[in-house]
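Working notes, structure below.
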Amino acid sequence: MIDLRSDTVTRPTPSMREAMEKADVGDDVFGEDPTINQLQEKVAAITGKEDGLFVASGTMANQVSIKTHTQPGDEIILETGSHIFHYESGAPAFLSGVQLQTINGKHGVITSKQIEAVIRPQSMHCAQTRLIWLENTHNRAGGTVFPLEEIRKIRVLSDSHALFMHLDGARLWNAHIATGIPLSEYARYFDSVSVCFSKGLGAPVGSMILGSAEFIHRARRIRKIFGGGMRQAGIIAAGALYAVEHHISRMKEDHDNARFLAEILSALPGVHVDLTSVQTNIVYFDVSQTGKNGDTIQELLQKNGVQVISVGPTRLRAVTHLDISRQQIEQAAIVFKKIFQ
Ligand code: TLP
């Protein structure tokens, strides 16, 4: 089976498992797990943040960050396709009692002008705008990269309104590899950043929140409240540490494979791919012109040994990752041709 459903499906490599087996551990709720401490220090250093907090998942990183930044009744401004709006089970409302104000972006990018137009006035009648939320790369927009110039403008705007900024950087590694822009240059404009080790980096579990020492101190308490104090979790942090040390630069292969696949798909009858949105390791394709719906195509592909995800009536997603070679992409291309021609 060629599994292109997500970059979350990767299995730890033998060397990663070896690193996990040998990991030194301690009680992380007491701050005493040496491997977690090492990972937090390392990722804080490469992102230029004061401190980091290891958490169980990208969802937990995002939700702990929201809770740490906001009070119930506050509002977050974000792009309509954001992961926290679509795929985190209503958690911002459930856990933090905040409302979300969405803006339609282009390729997942919202501009400072668009944001400025919707910031609430300081009025007893309005929710308090508190947080601007960006996603880089942007999953639902196609793994697209958020331009740095716009991030800078948004920071100026947020400073002038005393708003916080959070970056959902589950795939920030991919943006870094696609553009060559250092992780720290992206991260410096945000009060908090979440990153994931269990997607393109190929670790089995784990994410991290990055920010000032003061922010992380408060986030640590929220993580405990949310049930995320994980004790001897150095075993899993060792997988993440291995991934950070060995799997960042190789992501270029995933990006090349995604581009290769996108070009093949876009040449098939009835299949539409917005090639400008294929900037990293994610390929969305639309099959409305084939007369079949997404679920049917997903099933047909699965029967022929290729897994993708149907994400709308006629829209599907294929993601390249550590466990997918160029040869497997070529095999998948043969299956796509068989199904669509
Ligand atoms: N995304 C998953 C699914 O939930 C859609 C995937 O397969 O792409 N932020 C972004 C931008 C994400 O894409 C994801 C996961 C998360 C946060 C949440 O991470 P986890 O799954 O670790 O909670």
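Miscellaneous remarks
- Taking the square roots of five times each eigenvalue of the Cα gyration tensor of region 114-246, the equivalent ellipsoid has semi-axes of 28, 21, 12 Å, listed largest first.
- Summarising the label geometry, the points placed 7 Å from Cα in the beta-carbon direction at Q122 and I309 lie 4.2 nm from one another.
- Pairwise inverse Cα distances across the chain, averaged and inverted, put the Kirkwood hydrodynamic radius at 20.6 Å.
- GluC sites (Glu not before Pro) restricted to DSSP loop in region 251-341 with at most 10 other C-beta within 10 Å: none
- Label-point separation, A267 to S15 (7 Å along Cα→Cβ), nm: 3.5
- Each helix, a run of at least 4 DSSP H residues, gives -39500 (n - 2.57); summed and divided by the residues of the chain, these come to -12500 deg cm²/dmol at 222 nm.
- Sulfur and carbon atoms: percent of accessible area, region 11-246 [1.4 Å]: 52
- Ratio Rg/Rh [Cα only; Rh per Kirkwood] for region 250-340: 0.93
- Principal axis box of region 174-289, alpha-carbon based, largest edge first, Å: 54, 30, 30
- Each Lys and Arg contributes +1 and each Asp and Glu -1, all at the Cβ; summed about the Cα centre of region 1-82, the dipole is approximately 320 debye.
- Annotation note: chymotrypsin sites (Phe, Trp or Tyr not before Pro) in region 64-105 located in DSSP loop regions with a Cβ neighbour count of at most 15 within 10 Å are Y87.
- Rounded to 0.05, the FRET efficiency of the E50 and K106 pair, given R0 = 25 Å and the Cβ-Cβ distance, is 0.15.
- The length gained on full extension between A93 and E149, counted as 0.36 nm times the residue separation minus their Cα-Cα distance, comes to 17.0 nm.
- Stretch gain in nm, segment E41-H246, where the contour uses 0.36 nm per residue and the Cα spacing is subtracted: 72.1 nm
- Cα-centred dipole magnitude for the chain, charges only on beta-carbon of K, R (+1) and D, E (-1), debye, nearest 20: 520
- Taking 0.36 nm per residue of separation and subtracting the current Cα-Cα distance, fully stretching the chain between K337 and F30 would add 105.0 nm.
The values are calculated or read from the model by the stated rules, or taken from the named source; none is laboratory data. Predicted model, so just to flag it, every value in this text is computed and none were measured. Positions of Cβ are backbone-derived with ideal geometry, glycine not excepted, and every protein chain shown enters the neighbour counts. To get the accessible areas, we keep the full protein, side chains included, count just its heavy atoms, and leave off ligands, DNA and RNA. Shrake-Rupley method; radii C 1.70, N 1.55, O 1.52, S 1.80 Å.
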